[in-house]
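**Q** Before I ask anything, let me first share the structure, which is written out below as structure tokens.
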Amino acid sequence: QVQLVESGGGLVQAGGSLRLSCAASGRTFSSYAMGWFRQAPGKEREFVATISSSGDITYYADSVKGRFTISRDNAKNTVYLQMNSLKPEDTAVYYCAIGRLPWTTVTGYNYWGQGTQVTVSS
């Protein structure tokens, strides 16, 4: 069974930065794509970023493009999300997920972490 554990969330002021980490176990990590999604109160879970198994392909939601960077370290079984120039609208629970390919939809991923809270104050 795949297990994913997110960390690195917290409270920051607008314009600040955070780096989220997601550690995976239970699978051959390097064979799978990884994605980041987020869910704000009262809203549906939305795509943020994804990265292919080798790290050579990435895709970002328009709302975060130019501010967020996804990366992975297959030797550490970990995927990261560097978040810069944070805005209050980035406030959400952030989830990492694993799938066969770097799809940009929730349905493209098979396993999910429990999430980490990111709060950006105005």
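The values are calculated or read from the model by the stated rules, or taken from the named source; none is laboratory data. A quick note: this is a predicted structure, and the numbers were derived from the prediction, not measured. Every residue, glycine among them, receives a Cβ derived from its backbone with ideal geometry; neighbour counts consider all protein chains shown. All accessible areas refer to the heavy atoms of the entire protein, side chains included, with ligands and DNA or RNA removed. Shrake-Rupley method; radii C 1.70, N 1.55, O 1.52, S 1.80 Å.
**Q** Restricting to the range 63-116, count the residues that are over 21 Å from Gly42 (Cα atoms), part of a loop (DSSP other than H, G, I, E, B) and charged (D, E, K, R).
**A** The qualifying residues number 3.
**Q** Okay, moving on. Please list, ordered by residue number, the strands (runs of 3 or more DSSP E) wholly in the range 1-52 having 2 or more residues that are free of Cβ contacts under 8 Å to residues at least 60 places away in the same chain.
**A** Once the strands (runs of 3 or more DSSP E) in the range 1-52 are filtered for at least 2 residues that are free of Cβ contacts under 8 Å to residues at least 60 places away in the same chain, what remains is 18-25, 46-51.
**Q** Which one of the conditions (1) in contact with a strand residue (DSSP E or B) (Cβ under 8 Å, 6 or more places away or on another chain); (2) surrounded by fewer than 20 Cβ atoms within 10 Å (Cβ to Cβ); (3) over 18 Å from Leu4 (Cβ atoms) does Leu86 fail to meet, given that it meets all the rest?
**A** If we test Leu86 against (1) in contact with a strand residue (DSSP E or B) (Cβ under 8 Å, 6 or more places away or on another chain); (2) surrounded by fewer than 20 Cβ atoms within 10 Å (Cβ to Cβ); (3) over 18 Å from Leu4 (Cβ atoms), just (2) comes out false.
**Q** Output the residue which, of all residues in the range 1-59 that are in contact with a Gly (Cβ under 8 Å, 6 or more places away or on another chain) and among the β-branched types (Val, Ile, Thr), is most open to solvent (accessible area, probe 1.4 Å).
**A** Residue satisfying both the conditions and the ranking: Val5.
**Q** Against the conditions (1) buried (at least 19 other Cβ atoms within 10 Å of the Cβ); (2) in contact with a Lys or Arg (Cβ under 6 Å, 6 or more places away or on another chain); (3) hydroxyl-bearing (Ser, Thr, Tyr), where does Thr116 fall short? Just the number, please.
**A** Only one criterion in (1) buried (at least 19 other Cβ atoms within 10 Å of the Cβ); (2) in contact with a Lys or Arg (Cβ under 6 Å, 6 or more places away or on another chain); (3) hydroxyl-bearing (Ser, Thr, Tyr) is unmet by Thr116, namely (2).
So that you can scan it fast, the table gives a plain yes or no per residue for (1) farther than 19 Å from Ala14 by Cβ; (2) of a type in the set (A, V, I, L, M); (3) at pLDDT 95 or above:
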| site | (1), (2), (3) |
| --- | --- |
| Ser52 | yes, no, yes |
| Tyr60 | yes, no, yes |
| Ser63 | no, no, yes |
| Phe68 | no, no, yes |
| Glu89 | no, no, yes |
| Ala97 | yes, yes, yes |
